[in-house]
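*Asks:* Once you've had a glance at the structure underneath, I'll fire off some questions.
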Amino acid sequence: MDYSTYLKNYPSKDGRFGKFGGAYLPPQLVPAMEEITEAYLTICHSSQFINELRRIRKEFQGRPTPVYHCEKLSRKIGKCQIYLKREDLNHTGAHKLNHCMGEGLLAKFMGKKRIIAETGAGQHGVALATAAAFFGLECVIYMGEVDVAKQAPNVARMKVLGAKVVSVKDGQRTLKEAVDAAFNDYLENYKDTIYCIGSAVGPHPFPMMVRDFQFVVGEEARAQFQEMMGFLPDVVTACVGGGSNSIGMFLPFINDPVEIVGVEPMGRGEKIGDNAASMTYGSEGIMHGFDSIMLKDENGEPAPVYSIASGLDYPSVGPEHAFLRECGRVKYDVASDKEAIDAFFKLSRYEGIIPALESSHALAYAMRRAKEMDSGSILVNLSGRGDKDLDYVIEKYGYGEDFKDFN
């Protein structure tokens, strides 16, 4: 495939990345999605919209975020050098605000009064609550009861920002159920509401919109790394749940001679319900309005999933990721809970940076790869900071008393 024209060709007009993607919707939502698509395709070519978004990113979000060399961590591992794209320094502490501010600006353009969303780790919820406060919109966030307990600091932040947080008590009470609840709300209230999906998933045009708004991450990182080093990294990696941070990180490198690797949560092991590694163990299926790769139970329904990282425990993955794997351009690997926790404490101790548990999966993979490489460099998208995870990590693992050095 000629990746130099990739962004012009994908998605297709009907929202397809090859056979993946599309929009599988109840009839009453078809006009709503067509309205969003038309509005987005109008404003994404508007200089006023682009200039306003650039102003917001610079003055409100604090972009660009830097690329940082993990010199001490790299030295402990070996000769390969690890670098981080510091999305944890983006306002609200993660990459999520990149698309939430874009979606908020779109909602204002469309004259909507209300924005709703699901959230797992809470970073998307906080980011959307922030966007709602900035644009003067009503905001409702759906969150699984399990994640509400795990991510108490982010729940508090959402409420302080003025959002209503609805604890979802159905099913496994995690991210999938939160998405289900948000979709039900949207079915009833689509005339004055936009459902701001929290990842590069869902029916067209959301995977395209989220990708476009997150593109800034990889675009900055590529230019920054090249300016810093004079060449590009050997490996670019990011964690993959739904896939918003990773799709934004990967695509600016797609036409470069760079290895690109997405890292899924292996959780506790290979059994159904012990991981959320959709690309590793899943097969093609439709859920939440799009066709992609998903984990299924014995009845072909979305399987129960698990990850230590609330933002990764989703039984499917963005359709563009499924397509990029099928094309062979992006590889997908896994990192376990144990590896993620090890990376969490090592980055904290050696570099003074506490990463989100989601980002710790990508870092764990980078550390594993660095041990295998005699030289070279790995660029990791550190998609979020770990403040939200501290209470949970301390409760389960203490303060790292069992943390083992490299020696």
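*Asks:* Can you list the strands (runs of 3 or more DSSP E) lying wholly within the range 208-299 that have 2 or more residues being under 22 Å from Ala340 (Cα atoms)?
*Replies:* 235-239, 259-267
*Asks:* Let me ask another. Name the residue that is farthest from Met279 (Cα to Cα), counting only residues in the range 323-371 that are part of a loop (DSSP other than H, G, I, E, B) and open to solvent by less than 20 Å² (accessible area, probe 1.4 Å).
*Replies:* Checking each candidate, the answer is Ile353.
*Asks:* Another question, if that's okay. Val305 - would you say it is under 18 Å from the mean Cα position of the chain (by Cα) and in a strand (DSSP E or B)?
*Replies:* Against the criterion (under 18 Å from the mean Cα position of the chain (by Cα) and in a strand (DSSP E or B)), Val305 does not qualify.
*Asks:* Continuing with this model, one more query. What is the number of the single condition among (1) open to solvent by 70 Å² or more (accessible area, probe 1.4 Å); (2) part of a helix (DSSP H, G or I); (3) without any contact (Cβ under 8 Å) to a residue 40 or more places away in the chain that Ile50 does not meet?
*Replies:* It is condition (1) that Ile50 fails.
*Asks:* Looking at Val317, is it open to solvent by 10 Å² or more (accessible area, probe 1.4 Å) and under 16 Å from the mean Cα position of the chain (by Cα)?
*Replies:* So Val317 does not fit the description; no.
*Asks:* Same structure again: Of the residues that sit in the range 173-198 and are in contact with a Lys or Arg (Cβ under 9 Å, 6 or more places away or on another chain) and buried (at least 23 other Cβ atoms within 10 Å of the Cβ), which one is modelled with the highest pLDDT?
*Replies:* Ile194
*Asks:* Let me ask something else about it. Please find, among Gly218, Gly243, Gly230, the residue that is touching a Pro at 6+ places or on another chain (Cβ under 6 Å) and at pLDDT 95 or above.
*Replies:* The unique qualifying residue is Gly218.
*Asks:* With Met1, Met101 as the choices, which residue is among the aliphatic types (A, V, I, L, M) and open to solvent by 40 Å² or more (accessible area, probe 1.4 Å)?
*Replies:* Residue meeting the stated conditions: Met1.
*Asks:* How many residues are of a type in the set (Gly, Ala, Ser) and buried (at least 24 other Cβ atoms within 10 Å of the Cβ) when one looks only at the range 377-397?
*Replies:* 2
*Asks:* Among the residues that make up the range 78-95, is at least one of them within 24 Å of Met229 (Cβ to Cβ), open to solvent by 80 Å² or more (accessible area, probe 1.4 Å) and either at pLDDT below 95 or part of a helix (DSSP H, G or I) (or both)?
*Replies:* Yes, the range 78-95 contains a residue that is within 24 Å of Met229 (Cβ to Cβ), open to solvent by 80 Å² or more (accessible area, probe 1.4 Å) and either at pLDDT below 95 or part of a helix (DSSP H, G or I) (or both).
The values are calculated or read from the model by the stated rules, or taken from the named source; none is laboratory data. Predicted model only: the values in this text are computed from it and were never measured. Cβ coordinates were reconstructed from backbone atoms using ideal geometry, including for glycine residues, and neighbour counts include every protein chain displayed. Surface accessibility is based on the protein's heavy atoms, side chains included, excluding ligands, DNA and RNA. Shrake-Rupley method; radii C 1.70, N 1.55, O 1.52, S 1.80 Å.
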